[in-house]
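In what follows, a structure is listed as structure tokens, so that the remarks can point back to it.
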Amino acid sequence: MAQHDFINKKPGNRKSKKQPPKKKPLPILLIILAVLLIGGFSFGLWYVKKNADPKLVEQQANPTEAKSEPKVAKPRPPEFIKEIKEQEIQVTIKKLEQKGPYVMQCGSFKTKSQAETLKAKIAFAGLIAEIKKSTGSNGVWYKVRLGPYKTKRLAESDKNKLKRSKVTGCGIWFWT
């Protein structure tokens, strides 16, 4: 059997031609809608022009000839405001007792090198800490402390600074 060359062979005569796409019908509905909108707008303008008050039209055309507006009276303040201004108020200030010095402890470690590391982190936060050696029934502990503070509010302020520097676990205690 002979080999056929299908690649170079030209296609045979086919009678299938592409038909041109059908033309779309004129959008009659859209044209009617557009004509109605334009007609309605035109009628609205004509109606406004026809029924306008000539005096108001003249006034709008020449604003310099407009009449002066009536003066608006200022509102009077209510009577109770005058009474409040004349009233004298007496306030007693209570003296708060200061519970007295507070200390903040941020860590307690078995080795001094761990305590020194925490003290350095606290120093980078801008605060001064001290390491106190404590001997107890559990052995020797190195405590990292800050303070003393006169008020608990000052201690809380420094504790918040340490939290922003990612030093957590600090406790505030009444110092005896």
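The values are calculated or read from the model by the stated rules, or taken from the named source; none is laboratory data. This is a predicted model, so every value here is computed, not measured. When we count neighbours, we look across all protein chains shown, and the Cβ atoms used for this are built from the backbone with ideal geometry, even at glycine. Quick note on the areas: whole protein, heavy atoms, side chains included, nothing else; ligands and nucleic acids left out. Shrake-Rupley method; radii C 1.70, N 1.55, O 1.52, S 1.80 Å.
Work out how much length Phe80 to Lys55 would gain on full extension: take 0.36 nm times their residue separation and subtract the Cα-Cα distance, in nm to one decimal. Show your work: numbers first, answer last.
Working: separation 25, 0.36 × 25 = 9.00 nm, distance 4.71 nm.
Taking Phe80 through Lys55 to full extension adds about 4.3 nm, to one decimal.
Taking the Cα centre of the chain as origin, work out the dipole magnitude from +1 charges on Lys and Arg Cβ and -1 charges on Asp and Glu Cβ, in debye rounded to 20.
Dipole magnitude for the chain comes out near 1540 debye.
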**OP:** Classify the chain as rounded, prolate or oblate from the Cα gyration tensor: take a ≥ b ≥ c as the square roots of its eigenvalues, call it rounded if a/c is under 1.5, otherwise prolate when a/b beats b/c and oblate if not.
**Re:** oblate
Original post:
Ordered by residue, what ³J(HN,Hα) values in Hz, to whole numbers, does the range 31-46 give under the Karplus form 6.51 cos²θ - 1.76 cosθ + 1.60, where θ = phi - 60° and Gly and Pro are x?
Top reply: 5, 4, 5, 5, 5, 5, 5, 5, x, x, 5, 5, 4, x, 5, 4
Original post:
Quick one: which of Lys95/Lys150; Lys99/Lys121; Lys119/Lys166; Lys99/Lys133; Lys132/Lys159 span more than 22 angstrom between C-alpha atoms?
Top reply: Lys99/Lys121; Lys99/Lys133
Original post:
Which of Gln3, Pro21, Thr135 sits farthest toward the positive end of the charge dipole of the chain, with +1 on the Cβ of Lys and Arg and -1 on the Cβ of Asp and Glu?
Top reply: Gln3
Original post:
Within the accessible area of the chain, what % is carbon and sulfur when the probe is 1.4 Å and the other protein chains stay in place?
Top reply: 59 percent
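Per DSSP H run of n ≥ 4, the term is -39500 (n - 2.57); total these for the chain, divide by its residue number, and report the mean residue ellipticity at 222 nm rounded to 500 deg cm²/dmol.
Working: 5 runs with 65 residues, N = 176.
It comes out at -11500 deg cm²/dmol, rounded to the nearest 500.
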Subject >> Rounded, prolate or oblate (a/c below 1.5 giving rounded, otherwise prolate when a/b exceeds b/c) for the range 102-164 by Cα gyration tensor >> reply: oblate
Subject >> Under the Karplus curve 6.51 cos²θ - 1.76 cosθ + 1.60, θ = phi - 60°, whole-Hz ³J(HN,Hα) for the range 100-117, x wherever Gly or Pro sits >> reply: x, x, 10, 10, 10, 10, 9, x, 9, 10, 6, 10, 6, 5, 5, 5, 5, 4
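Counting Lys and Arg as +1 and Asp and Glu as -1, each charge on the Cβ, what is the dipole of the range 75-176 about the Cα centre in debye, to the nearest 20?
My answer is approximately 640 debye.
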**OP:** Kindly provide the GluC sites (Glu not before Pro) of the range 93-176 that DSSP labels as loop, not H, G, I, E or B, and whose Cβ sees at most 14 other Cβ atoms within 10 Å.
**Re:** Glu97
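Just check the range 84-126 against the gyration tensor rule for me: Cα atoms, a ≥ b ≥ c as the square roots of the eigenvalues, rounded for a/c under 1.5, and otherwise prolate or oblate depending on whether a/b exceeds b/c.
Numbers: a/c = 8.92, a/b = 3.44, b/c = 2.60.
Prolate, since a/c reaches 1.5 and a/b exceeds b/c.
If R₀ is 35 angstrom, what is the calculated FRET efficiency for the pair Glu88 and Trp175, using the beta carbon separation as r and rounding to 0.05?
Given R0 = 35 Å and the Cβ-Cβ separation, E is 0.20.
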**OP:** Compare the peptides 144-155, 19-30 by average per-residue count of other Cβ atoms within 10 angstrom and give them in order, highest first.
**Re:** 144-155, 19-30
Subject >> Dipole magnitude of the range 17-83 about its Cα centre (Cβ charges: Lys, Arg +1; Asp, Glu -1), debye to nearest 20 >> reply: 960 debye
